[in-house]
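Just so you know, all these numbers are worked out from the coordinates, no wet-lab data involved. From a predicted model like this one, the values you see are computed outputs, not experimental measurements. When we count neighbours, we look across all protein chains shown, and the Cβ atoms used for this are built from the backbone with ideal geometry, even at glycine.
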């Protein structure tokens, strides 16, 4: 799929690619250099991952929230390697 670079260095991500990667307006993407190739990687935020970690207890969820954030941080670090 071809896309034209504007004078400001901008390109439009084709709809088929946006749909495949679930990229919506205002989402963040990362450009990763892989040799002579550039990879477009959607960046997941905590909001995107909301609900992916299920609470196991009742009452004060601060510990569960901290555990969930730590799990997400580990997963993001692994994906960035």
Problem - Rg and Dmax [Cα atoms of the range 1-43; Å; Rg one decimal, Dmax integer] - result: 11.0, 29
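I'd like to compare 1-12, 37-48: which one has the highest average count of other Cβ atoms within 10 Å, and what's the full order after that?
Numbers: 1-12: 7.9, 37-48: 11.5.
In descending order of packing, they fall as 37-48, 1-12.
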Handout entry: Theoretical ellipticity at 222 nm over the chain - DSSP helices of four or more residues, -39500 (n - 2.57) apiece, nearest 500
Key = -10000 deg cm²/dmol
Problem - Förster radius 22 Å - calculated FRET efficiency between residue 48 and residue 16 (Cβ-Cβ, nearest 0.05) - result: 0.60
Practice task
Measure nothing but the geometry: give the 0 to 90° angle between the long axis through the Cα atoms of 62-80 and the longest principal axis through the Cα atoms of the chain, rounded to 10°.
Solution key: 30 degrees
Exercise for the section: Could you work out how far apart the two model spin labels at residue 80 and residue 31 are, taking each label as a point 7 Å from the Cα in the direction of the beta carbon, and quote it in nm? Expected result: 1.9 nm
Problem - P(r) weight above 23 Å for the chain, C-alpha pairs, percent - result: 40 percent
